[in-house]
Every structure is written in C-alpha cells, then in structure tokens.
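One structure is given below, encoded as structure tokens.
The values are calculated or read from the model by the stated rules, or taken from the named source; none is laboratory data. Not measured: the values here are computed from a predicted model. Glycine also receives a Cβ, built like all others from the backbone with ideal geometry; neighbour counts cover every protein chain displayed.
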Amino acid sequence: MATAPSLRKRDSEPRPRPRFDLLAPIAPERVFTCLHEAIRENPAVRGVALDRERFEIIRDDKSFRIWAPQLDVKLVEVDGGTKVMGRFGPHPHVWMAYMSLYMGAGFLAIGCAAYGVVQWLLDEHPWSLYLTPLAALFAALVYGASYVGQGLATAQMFELRQFLEDSVATAVAGKSSPVETAVGE
C-alpha cells in the first residue's frame, strides 16, 4: 500500500468540499497516536480529536480569514491497514452561512414563482415571475463564491494536506515523533 499518492489532476481541480484518501499499512491506533503527537508538537496547526477515528485540523494563523480551510480526517481500518480519508471544507460557521444563503435563494425562487403563478391565474401582471431568475442568479453567485474561497485557500489546503501526509509517513516509518518527510512524487 502506498502511504501518500501524488497529487493527481483531479485533486487540484476546484470542487465543493474536496476529498482525498491515503492508505497506510499500519493499524489505525498507530496513525491516530502519531497524528495526535504531530498536532501537539507543530505550532503551525491546531486540531482536535473528536474520537479515536476523527480529527479536525486547521492552520493556527494569527491572521485568520473567512476562507481558511478546515481538514476533517477520518481513520478507517481496511485489510490490516488504515484508510485515511481527508475532506476539506470551510469553518462550520462559514459552511452554515453558505448553506443558509443557498436555502434562502431557493425559498426566494419558489416563493416568487408561486406568487407569480397566482398573479397569472388572477389575470394580473405576473411581475414576481421576473424575480425568479434573479433568485437563481443569486444561488449561482453563492455557489461561485465557494470556488473563489477555495482558490484563496489553495496554499493553506496544500499545507494541511502535506502535514497529514507527513504525519502518516512518520507513523508508517515507525518513528515516535513527526519529522519533515518528503512525501509524494
């Protein structure tokens, strides 16, 4: 099993909540221990172990930005090894605001369309039907904002992924403390 696949073209393309998997030929407990130590020893990252299988990791920047990524990591035992599943996303508060705007646009579109149909059935001028495409445009802008934020956070996402790959490589190497490890191609 490879510990850290090289970045493929698919991994570098923007997409909502990008995911990646790493495979390690060791037990999840060893990966958990090494990752926990790496988070504790590295001042550039902050993280929390949610249980013995999940971590949330962010950069510990003094200049926090709204587009700063969070890396959710889940450890799953597979065939005597560990599958390390990573998923990037925004901070939970940002994600909730994003989804609220998205749902608001949907409610606005449905409300405008319903009111417009009622106006049309009553032989009135259906002016609210003109607002329905604006709500769809607003939803498209909110969706596009996720790509803008991901583009702004690309360097931080790369650093968080590299930190995770280095920690997994350290665990595979059997070292007791994380070290700088070249992982990838």
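Tabulated data
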read-out	value
Filter result for A38 (in the same structural domain as L160 (by TED's automatic domain parsing) and more than 18 Å from the chain's Cα centre (by Cα))	yes
Conditions (1) surrounded by 13 or more Cβ atoms within 10 Å (Cβ to Cβ); (2) free of Cβ contacts under 8 Å to residues at least 12 places away in the same chain: number failed by M103	(1)
In region 63-94, residue surrounded by the fewest Cβ atoms within 10 Å (Cβ to Cβ) [restricted to those that are of a type in the set (A, V, I, L, M) and touching a strand residue (DSSP E or B) at 6+ places or on another chain (Cβ under 6 Å)]	V76
Per-region count, region 53-70, residues assigned to a strand (DSSP E or B), touching a Lys or Arg at 6+ places or on another chain (Cβ under 7 Å) and either modelled with pLDDT of 90 or more or closer than 15 Å to V31 by Cβ (or both)	1
So D79, is it of a type outside the set (G, A, S), out of contact with any Asp or Glu (no Cβ under 6 Å at 6 or more places or on another chain) and under 25 Å from V45 (Cα atoms)	no
The lone exception for F32 - which of (1) within 16 Å of the chain's Cα centre (by Cα); (2) outside any strand (DSSP E or B); (3) surrounded by 15 or more Cβ atoms within 10 Å (Cβ to Cβ) it fails	(1)
Which numbered condition G104 fails, given (1) assigned to a strand (DSSP E or B); (2) outside the structural domain of F158 (by TED's automatic domain parsing); (3) not β-branched (V, I, T)	(1)
Residues (more than 24 Å from V148 (Cβ to Cβ) and either in the same structural domain as R17 (by TED's automatic domain parsing) or of a type in the set (A, V, I, L, M, F, W, C) (or both)) located in region 107-127	I110, C112, A113, A114, V117, V118, W120, L121, L122, W127
Among the residues listed as A97, A49, the single one being of a type in the set (G, A, S), farther than 18 Å from E165 by Cα and without any contact (Cβ under 8 Å) to a residue 40 or more places away in the chain	A97
Flag for G149 being touching a residue at least 60 places away in the same chain (Cβ under 8 Å) and under 20 Å from E53 (Cα atoms)	no
